[in-house]
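The structure appears right after this line, and notes come after that.
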Amino acid sequence: MRVASGDQESIVYIDGEYLPENQAKISVFDHVVLYGDGVYDTCCAWGGKVFKLDAHLDRLFESARAVKLDVPVEKSTLRRVVLETVKRNHLEEAYVKIIVTRGVGKLPLLSPYHCVPTVIVFAKPYMRLADGDDEKSIRVKIASLRRIPDESLYAKVKSSNYQNHVLARMEANEAGYDDAIELTIGGYVAEAPGYNVFVIKHGALLTPRDNILVGITRQTVLELASRHGIVSHECALTPFDLFNADEIFFSSTAGGIFPVGEVDGRRIGDGAPGPVTRRVRSLYHELLESGEASIPVY
Ligand code: PLP
């Protein structure tokens, strides 16, 4: 797992300009500030190449379309902007966020009509975890707060409103756990606040299909599994399946593949990263480092 370091002054793209981060500002009347009304995507650069950039841009534009937000730049332009932002920050390994806000509208403030969206792209360096951290697993709690159902807001939309996930994570943290797993309203496993969930049982990868953000890392894991002869199924999973898993891992762009060693006080396997998790993690790192699915910045 790698996490972003946020303490460096960087160059931020905002509505056609590249500005030092202390000058990159949006209005307090932007609906993303007022209502969390916007969409975003997060991608990463490895070895000076952005991994699966087109998949991230496709997801961003699909999110925007689903919430009736017109992205004010073409996808091809935004693609160039992402690469340029990484370049202007002189980064080889970067965490990149692309945000499209609903923007500022007219009075009354609640109306989403006539808003002018803002596009923001920033890139921050990745910070490698200290040596030995690859051996660690996290402890997770099943949150009592359920994931917002598709009937209220499509989980496939990467919305700027993460309050549901933030509260699930806070509940877990305040109970002494590292993170949370969120269930659907119907009690099935959905995902985690910022990650997809994989269960390993008898050598097969099982991952929820419904009420999830369709993670690019999740898709990559499924592709790698099929390429390397690991059986995988997208299916409904319950907390019982978590408690009885041989292994569990989370997947995300920002965190990669990282193991879960405990769920609600039940140890998973022997609590340490298991063999299938290690294999998937190393296949994922090989793919990132090969540049095979990435777009060069430089
Ligand atoms: N689920 C949620 C709710 C997320 O926010 C994220 C990533 O931000 C993911 C899953 C993992 O998606 P990806 O692999 O595209 O980073």
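Brief remarks on what is shown
- Dipole moment magnitude, nearest 20 debye, segment 197-259 about Cα centre, only Lys, Arg, Asp, Glu C-beta charged: 120 debye
- Think of the chain as having a plus end and a minus end, set by charges on the Cβ of Lys, Arg, Asp and Glu; of V121, V197, V140, V121 sits farthest toward the positive end of this dipole.
- Nearest-0.05 FRET efficiency for K68 and R209, computed from C-beta distance (R0 25 Å): 0.45
- Relative contact order (percent, whole number), segment 195-298, Cα cutoff 8 Å, 6+ residue spacing: 26 percent
- The mean sequence separation of alpha-carbon pairs under 8 Å and at least six residues apart, normalised by the residue count of the chain, gives a relative contact order of 21 percent.
- About its Cα centre, the dipole of segment 26-93 is roughly 180 debye, where the only charges are +1 on Lys and Arg Cβ and -1 on Asp and Glu Cβ.
- Positive-pole candidate from G36, A66, Y95, dipole of segment 1-136, charges at beta carbon: A66
- Whole-number Å³ per residue for the convex hull built on Cα positions in the chain: 135 Å³
- The trypsin sites (Lys or Arg not before Pro) of segment 1-85 meeting both criteria, a DSSP state outside H, G, I, E and B (loop) and at most 15 other C-beta atoms within 10 angstrom of the site's C-beta, are K25, K68.
- Net charge of Cβ neighbours under 11 Å - reference I14; Lys, Arg +1; Asp, Glu -1: -2
- Segment 102-242 - charge dipole about Cα centre, Lys and Arg +1 at Cβ, Asp and Glu -1, debye rounded to 20: 480 debye
- Shape analysis of segment 21-134 yields a ratio of the Cα radius of gyration to the Kirkwood radius, Rg/Rh, of 1.04.
- For segment 111-225, the calculated P(r), taken from all Cα-Cα distances in 10 Å bins from zero up to the bin holding the longest distance, is 11, 33, 37, 16, 3, 0 percent.
- Take the Cβ atoms of H114 and Y35, set R0 to 22 Å, and the FRET efficiency comes out at 0.90.
- Subset of K49/K136; K52/K156; K25/K156; K68/K106; K87/K158 violating a 23 Å alpha-carbon distance limit: K49/K136; K25/K156; K87/K158
- Dividing the mean sequence gap of close Cα pairs (under 8 Å, 6+ apart) by how many residues segment 123-239 holds gives a relative contact order of 23 percent.
- Area projected by the alpha carbon convex hull of segment 235-298, averaged over all directions, nm²: 5.7 nm²
- Net lengthening on full extension, A55/N22 (0.36 nm per residue, minus Cα-Cα): 8.9 nm
- Between segment 233-298 and segment 186-214, the alpha-carbon center distance in angstrom: 11 Å
Laboratory data are not the source of any read-out in this text; all were calculated from the coordinates shown. All of these numbers come straight from a predicted model, not from anything done at the bench. Quick reminder, even Gly has a Cβ in these numbers, built from the backbone with ideal geometry, and neighbours come from all protein chains shown.
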